[in-house]
Amino acid sequence: MAELLLTTHPGLEAFALAEVRELARASGHEVEGVLQPEAHMGRVLISSELSEPALEAIVREARSLHHVIRLVAHLEVPKGRVLETLCEAAKSWSLPELATESWCVRCLRVGEHEVGSEAIEREVGAVLFRRVSAPVRLKTWDACIRIELRGERAQIGLQRTRPALSHRWYPRPYQQRTALKANVAYAALTHLPAAPQTLLDPFCGSGTLLLEAAAMHPNTQIYGSDRRTIAANGCAENLDAFGFEIRSTVRQGDAMSLADVWPALQVDAIITNPPYGVRMGAALDFRRFYRELLSSFQRVLHPKGTAILFAVQERALEEAAAALGWSMDICFRADTRSVRPAIARLNFF
């Protein structure tokens, strides 16, 4: 039985498992899975009667994942004997790939341990170096041995994906210091009821949501706007580089005044991740902000259209939606750096 450890964005574990199961069923197979090892850690353990290469081929089609890891061992690691236990176990790990491929060791620790991650990487790497013939390359490796140590349990695996599956192929000439992860954008977009004919992101930034929408729905007309001229111009540049300049339009403008930015536009869907929260914090009245934002949405959204909004203040959005007659449900919650926004789906009838 093949067994793989999949990594995804914290908050997308259940979504990622559902996507992998759906991909497997489309090819006539079933996949078993559990969220690993604790809730909201971005890890999913799957197994199948398929061969490992066949299962990996299916999994690599998933757009919600970061990495695919072939599991090598599960270990109990007693306190006070972490390094000794891992080094002894490393003598017998099955790693045929390291006969021909350059490699490195990476360690992730959760909890208190008597030894640090760098020491584990160094000492376990020394044991493996005596066993295998391929060279160590810390930055340009072909295979990465990953040690994930949580409390007194360890999972050891071989990471085969590089770059991450969430690292999309499309070019991005314009980059921002922070940007939404493509797999989180993908998960949010799947909660639209259908492929929209027209879609708007009024806080487009560098365009992650719009790029992902363009990849998912090639026939959708894309619109984006941002209050910052540099972001609006950069988003347009990214969409042009992707090859969607003919059916994409980006403007500079305030999301709170969409009727002024887009005076003749009505769209089927709005999806956006407002850059508010930690940066503005207590200075922002979120109830007022969400009321004004939803009022602005109403002026450009078709009556039966859908809005998907990343909300850092879920209760404030719920109150604003109720006051304006919007229905609202929470699709999922995902960690994005220092906040965990709710991804909310809203409809106005």
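General observations
- Scanning segment 145-192 for residues that are of a type in the set (Val, Ile, Thr), out of contact with any strand residue (DSSP E or B) (no Cβ under 6 Å at 6 or more places or on another chain) and modelled with pLDDT of 95 or more gives VAL184, THR190.
- If only residues of segment 1-43 that are basic (Lys, Arg) and under 19 Å from the mean Cα position of the chain (by Cα) are counted, the one that is surrounded by the fewest Cβ atoms within 10 Å (Cβ to Cβ) is ARG21.
- Strands (runs of 3 or more DSSP E) (entirely within segment 248-349) containing at least 1 residues that are polar (S, T, N, Q) and closer than 28 Å to GLN176 by Cα: 248-252, 267-272, 301-311
- Residues of segment 117-144 satisfying the condition of being part of a strand (DSSP E or B) and either over 23 Å from the mean Cα position of the chain (by Cα) or at pLDDT 95 or above (or both): VAL136, CYS144
- Residue in segment 311-327 that is open to solvent by less than 60 Å² (accessible area, probe 1.4 Å), in contact (Cβ under 8 Å) with a residue 40 or more places away in the chain, closer than 28 Å to MET41 by Cβ and not acidic (Asp, Glu) present: no
- Boolean, ILE156 is in contact with a Cys (Cβ under 8 Å, 6 or more places away or on another chain), of a type in the set (A, V, I, L, M), within 30 Å of HIS74 (Cα to Cα) and outside any loop (DSSP other than H, G, I, E, B): no
- Any hit, segment 248-267, residues being at pLDDT below 95, under 18 Å from PRO171 (Cβ atoms) and open to solvent by 10 Å² or more (accessible area, probe 1.4 Å): yes
- Output for segment 210-247, where each listed residue is in contact with a Leu (Cβ under 6 Å, 6 or more places away or on another chain), in a strand (DSSP E or B) and free of Cβ contacts under 8 Å to residues at least 40 places away in the same chain: ILE222, GLY224
- Filter result for HIS191 (open to solvent by 10 Å² or more (accessible area, probe 1.4 Å) and in contact with a Cys (Cβ under 6 Å, 6 or more places away or on another chain)): yes
- Selection of segment 66-88 for residues being closer than 26 Å to ALA14 by Cα and open to solvent by less than 10 Å² (accessible area, probe 1.4 Å) yields VAL68, ILE69.
- With respect to (1) surrounded by 17 or more Cβ atoms within 10 Å (Cβ to Cβ); (2) of a type outside the set (D, E, K, R); (3) free of Cβ contacts under 8 Å to residues at least 24 places away in the same chain, the lone exception for ILE46 is condition (3).
- One residue from ARG63, ARG109 being within 27 Å of the chain's Cα centre (by Cα), surrounded by fewer than 18 Cβ atoms within 10 Å (Cβ to Cβ) and in contact (Cβ under 8 Å) with a residue 40 or more places away in the chain: ARG109
- When ARG333, ARG345, ARG299, ARG291 are checked against the criterion of being at pLDDT below 95 and either of a type in the set (Lys, Arg) or more than 26 Å from the chain's Cα centre (by Cα) (or both), ARG333 stands alone in meeting it.
The values are calculated or read from the model by the stated rules, or taken from the named source; none is laboratory data. This structure is a prediction, so every number in the text was calculated from the model and none was measured. Cβ atoms come from the backbone with ideal geometry, glycine included; neighbour counts cover every protein chain shown. For accessibility, only protein heavy atoms count, side chains too; no ligands or nucleic acids. Shrake-Rupley method; radii C 1.70, N 1.55, O 1.52, S 1.80 Å.
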